[in-house]
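Reading through the structure tokens given below for one structure.
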Amino acid sequence: MNPYILRVQNLTVTTGRRAHKVLRDVSFDLSPGEVHGLVGESGAGKSTIIKVVLGILPRAMKMASGHVEFEGRDLLRLPSAQLRALLGTEIALIPQDPLTALNPGRRIDAQLTDGLRLQRGLSWHDAEAKALALLDEVHIRDPKRVMRCYPHELSGGMRQRVLIAAAFALDPKLVVADEPTTALDVTVQKQILRLIRGMQERHKTAVIFVTHDLGVVAQICDTTTVLYMGKVMEQGPTDRLLSSPGHPYTTALIAANPRYDQPEMGLEPIPGAIIDALRAEIAAADQAEPRHG
Amino acid sequence: MAEPLVAGQSLRVAYRRQRGLFAPSAEPAPVLKGVDIVIDRGETVGIVGESGSGKSTLGRTLLGLVTPLSGVVRFDGHIVTGQSEIELRPLRRRMQMIFQDPMSSLNPRHTIGRILAGPALLHGMVANSGEASVLVADVMARVGLPKALMDRYPHELSGGQRQRVGIARAVILKPDFVVADEIVSGLDVSTQAQVLRLLQDLGREMGLALAFISHDLSVIRSICRRVYVMREGIVEEEGECSALFAAPKTAYTRALIDAIPLPVRDPNWLRRGGASEEVLA
């Protein structure tokens, strides 16, 4: 029996004619019911990883090497019809921007019940009942009214709740959350994080949580991978990683965060020496390797 | 006690609602409902609140960019409110703004050199373009921008560099007062730390009074001495950061502080304060 729901192994992705590396030998495993954080600054490769997992890598990017196994199935070699059948049912996405993810011309009821009717074969009536229950589960106060709303009639936090309901609608085994709280106020962010964690625990879903915020990682992720320039800096249990980081980059990234509890600490820019050393190390490794493709 | 550099008194602002096809005469939406604020010379003051709390409008009103329905803004003894553009001109140099999104506040068709020289020439800080380029080079060096960027366009710069241009454009006029509106919200943490350190140093060197508008209380705590907490157009709470963070007086401020996730594992953080947030919803 495979103990992992998702295994990402030695993922290397390149782009452009000169095969510039976007991901460099990235590996991580996800157990059922585990929340795994992918954290890093812009350009770290966080979203490229989830694009690979979701099978939506843009054509300009090339998989140079690596495996992605979902429940023992090789996702990258799956016929596209089978991959499409997995997406939305067993693997679901909570996107960053809830407004572009919802169809502006359709009411919430239509958008929430599509999957339930088409994938699960529920009748319109049953699908509607299930959708109402889901909206209730994500703490939407007046689900009947919200069902009849168009996306623009809802606040950002409400839209994100609707999308969380949609992501969990078909009881997926894996949910990919792509910076789901970046655009929200902190108080709403906390509610959404609590909600994702609660849904994940109830449905025993594994989650990949992409974020640039180490504070968010600390509160919601069981395990974490820290990335820089497409390379894994460090990975492990979040608690250990934050309390005794094993890589100077992780230490520096933690120290860059402002701390209201310790205003004298924090807000330290990542030292240039660390960045220079990392870049040199990465460049040397890229040179040494035979070019892919 | 000396007069504060900037003082806003009972500021009320309302924005006219967009006229809909079926709602031709909507009431103006109130944004500021009577706000008092003072900022001393050389003081860094935080203005914090959630979206829609009126913090950006407050910043713009202090600079005379938004005209209040009632109330008055004074800058160094001069009344700013309701003055004509010509009367404001001499004050404009002394009060500057750094915008949230440098991409939309920097002219994409002008080089960095031209963007920075423009205000200096306009306000007569320099007599000709030769002098201007000397001044621009000086200021660029001070904010940590390589000289080579002078001939580049905004889209060729990184986010952190663009925000440095925004800072340079504000400080090149040697102002007394700067409003910084969410200037680090789109940046990576390390870049954010660099930009904030720079702003802190410049503020100290130049004796700037700074209104630092942000939704992020952690950032405010790090660089401000005093803070105004805004909620739905009113000042919910005001005070020295050290006191306000140690013992917030209102449930709202408490909830805002509790909502900040620290990069330290706290198994109870998610569960804590669920009830108090319901008050906010």
Using the C-alpha atoms of region A:113-224, what convex hull volume per residue, in cubic angstrom, is computed?
103
The FRET efficiency for B:Arg197 and B:Leu65, from their Cβ-Cβ distance with R0 = 30 Å and rounded to 0.05, is 0.65
Please work out the Cα center distance from region A:239-264 to region B:161-190, rounded to the nearest Å.
26
Can you give me the Kirkwood hydrodynamic radius for region A:37-133, using every pair of distinct Cα atoms, in Å to one decimal?
15.9
If you count, for every residue in B:252-262, the Cβ atoms of partner chains within 10 Å of its Cβ, what is the mean?
5
How many nm separate the modelled label positions at B:Asp151 and B:Leu135, each set 7 Å beyond the Cα in the direction of the Cβ?
2.3
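Over region A:143-271, calculate the relative contact order: mean separation of alpha carbon pairs under 8 Å at least 6 apart, over the residue count, as a percent.
This gives 14 percent for region A:143-271.
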Listed residue (B:His123, B:Gln96, B:Gly166) projecting farthest to the positive dipole end of region B:90-242, Cβ model:
B:His123
Using a cut-off of 17 Å between alpha-carbon atoms, which lysines can reach B:Lys55, once sequence neighbours fewer than 8 places away in the same chain are excluded?
B:Lys33
Mind checking the mean number of beta-carbon atoms from other chains within 10 Å of the Cβ atoms in A:213-220?
5
Taking 7 Å along the Cα-to-C-beta vector as the label spot, tell me the A:Glu90-A:Thr251 distance in nanometres, rounded to one decimal.
4.3
Please compute, for peptide B:215-222, the average count of beta-carbon atoms on other protein chains lying within 10 Å of each residue's beta-carbon.
6
What whole-number distance in Å separates the alpha-carbon centres of region A:204-234 and region B:221-258?
30
Gap in Å between the Cα centre of region B:191-206 and the Cα centre of region B:68-116?
21
Just to confirm the filter: which trypsin sites (Lys or Arg not before Pro) across region B:189-281 are DSSP coil and have at most 16 other Cβ within 10 angstrom of their Cβ?
B:Arg225, B:Lys249, B:Arg271, B:Arg272
Return B:Ile86, B:Ile112, B:Ile234, B:Ile257 ranked ascending by Cβ neighbour count within 10 Å, so the fewest neighbours appear first.
B:Ile86, B:Ile234, B:Ile257, B:Ile112
Let me know the shape class of region A:23-78, please: from the alpha-carbon gyration tensor, a ≥ b ≥ c as square roots of the eigenvalues, rounded when a/c is under 1.5, otherwise prolate if a/b is greater than b/c, or oblate.
oblate
Here, A:Trp124 and B:Arg225, labelled 7 Å along Cα→Cβ, have an inter-label distance in nm of 6.7
Treating every alpha carbon of region B:30-100 as one equal point scatterer without solvent, the Debye formula yields log10 I(q)/I(0) values at q = 0.12, 0.15, 0.27 Å⁻¹ of -0.33, -0.52, -1.56
Based on the mean of other beta carbon atoms within 10 Å per residue, what is the order of B:133-140, A:277-284, most packed first?
B:133-140, A:277-284
Mind checking which of B:Asp216, B:Asp258, B:Asp181 has the largest fluctuation in a GNM of chain B, springs on alpha carbons under 10 Å?
B:Asp258
Placing +1 on the Cβ of each Lys and Arg and -1 on the Cβ of each Asp and Glu in region B:134-213, which of B:Thr191, B:Ala141, B:Ala209 has its Cα farthest towards the positive end of the resulting dipole?
B:Ala141
Where is the GNM fluctuation largest for chain B (alpha-carbon springs, 10 angstrom cutoff): B:Ser105, B:Ser218, B:Ser84?
B:Ser84
Once the Cα atoms of region B:53-140 are picked out, what are the Rg and Dmax in Å?
15.4, 45
Residues A:Ser80, B:Ser56 arranged by fewest to most Cβ contacts within 10 Å:
A:Ser80, B:Ser56
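We did not get these values from a lab; they are worked out from the coordinates using the rules stated. It should be emphasised that the depicted structure is a prediction, and the values quoted were computed from it without experimental measurement. Cβ coordinates were reconstructed from backbone atoms using ideal geometry, including for glycine residues, and neighbour counts include every protein chain displayed.
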